[in-house]
Amino acid sequence: MTIPKSHPRYESLVTREKLVHAWREGIVAPEGLIAHGRGEAWDYLLGEETSAPALVAEKAAAAHLLRARRPVISVNGNVAALAAEDAARLAEAVGAPIEVNLFHRTEARVLLIARRLRDSGATNVLGSRPNARIPGLASDRARSHRAGAYGADVVLVPLEDGDRTEALVRMGKVVISIDLNPLSRTSRTATVPVVDELTRALRNIEKFVRDLRGDPREAARTLRSYRKAGNLAASYSYLQWRLDQVKSQTERKGRPRKGRDRRSSSARGLR
Ligand code: PTJ
């Protein structure tokens, strides 16, 4: 399908096509398409841009990854489909292995995802032949590697489920989540919940890694000043502010007239 560049929701449609393509290739689970729809709805509500609280969390995430002795980046089907290169670049920047960890696990998908990651520049990819189990977790997501999430001190878990986040936190790890849903169990349980879209979050974290690497005092200050509860509360306030803004714009302009230029809604922040 060719999506016209002039379409007001061009990027969103291209992202959907990427996911459907990756589903046909066997990389994305069918459930991954549903999960994406959920994320998309939250991104719409949040204005499809990185909020100030998300940026603060991304900086804290970068500081944790830089300080880690054994950082690990966990990748599932959706992440491989949408952000394999971003994940590979971040892994390279912090010297972390990438562990393929799937909720809907099949060995075929693990191998396909590992290959996608290697083709995208990842050099250290774990996934098949796991040799450890995350305790207290019934799903296949418990299957891990001693050199992966199981043995890590800091784990980055984009698009994670609440159960594994809780299990990793119980193991005493610093868990950095990327999840657009600020109300999810993952966001509420992670040590550093990043409420932002996957690709924006990975790129911002990588940029902060590069900035903070040469500035250990700022990295230490970032870790000291980050407060999860305050940061999550700021995300909720941001969401509230977005809705108030939309409400007052709607009240000011009255009901939208029929046949109105679609681009005008995007200009009003209602893409
Ligand atoms: O590849 P598998 O088998 O490991 O399966 C992966 C999915 C994503 C299907 C699995 O992990 C799953 O079911 O996840 P959940 O429980 O639906 O959680 C996904 C969360 O990620 C939801 O809270 C979504 O709002 C959020 N999300 C979806 N897309 C994005 C996102 N957050 C950030 N960026 C996105 N692009």
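The values are calculated or read from the model by the stated rules, or taken from the named source; none is laboratory data. Here the structure is a predicted model, which means the values were calculated and not measured. Note that each Cβ is placed from the backbone with ideal geometry, even for glycine, and that neighbours are counted across all protein chains shown.
One table, with the values for the structure above:
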{"read-out": "Residues located in the range 169-185, provided they are closer than 20 Å to residue 229 by Cβ and more than 14 Å from the ligand (Cβ to nearest atom)", "value": "169, 170, 172, 173, 174, 175"}
{"read-out": "Looking only at the range 118-127, and only at residues there that are in a loop (DSSP other than H, G, I, E, B) and out of contact with any strand residue (DSSP E or B) (no Cβ under 8 Å at 6 or more places or on another chain), the one that is nearest to residue 96 (Cα to Cα)", "value": "123"}
{"read-out": "Count of the range 35-48 residues which are more than 7 Å from the ligand (Cβ to nearest atom) and not charged (D, E, K, R)", "value": "6"}
{"read-out": "Residues that are touching a residue at least 40 places away in the same chain (Cβ under 8 Å) and over 14 Å from the mean Cα position of the chain (by Cα), drawn from the range 31-50", "value": "31, 44, 45, 46, 47"}
{"read-out": "Scan of the range 125-150 for residues that are more than 16 Å from the ligand (Cβ to nearest atom) and under 21 Å from residue 28 (Cα atoms), ordered by number", "value": "129"}
{"read-out": "Those strands (runs of 3 or more DSSP E) lying entirely in the range 142-197 with at least 2 residues modelled with pLDDT under 95", "value": "none"}
{"read-out": "Selected residue (criterion: farthest from residue 49 (Cα to Cα)) from residues of the range 186-198 that are more than 10 Å from the chain's Cα centre (by Cα) and within 9 Å of the ligand (Cβ to nearest atom)", "value": "186"}
{"read-out": "Test: residue in the range 208-215 that is more than 16 Å from residue 137 (Cα to Cα), within 12 Å of the ligand (Cβ to nearest atom) and crowded, with 21+ Cβ neighbours inside 10 Å", "value": "no"}
{"read-out": "Test set (1) in contact with a strand residue (DSSP E or B) (Cβ under 9 Å, 6 or more places away or on another chain); (2) in contact (Cβ under 8 Å) with a residue 24 or more places away in the chain; (3) surrounded by 22 or more Cβ atoms within 10 Å (Cβ to Cβ) - residue 226 fails condition number", "value": "(3)"}
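Table: residues versus (1) of a type in the set (A, V, I, L, M, F, W, C); (2) out of contact with any strand residue (DSSP E or B) (no Cβ under 7 Å at 6 or more places or on another chain); (3) away from the ligand (no atom under 16 Å from the Cβ).
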| residue | (1), (2), (3) |
| --- | --- |
| 57 | yes, no, no |
| 62 | yes, yes, yes |
| 97 | no, no, yes |
| 100 | yes, no, no |
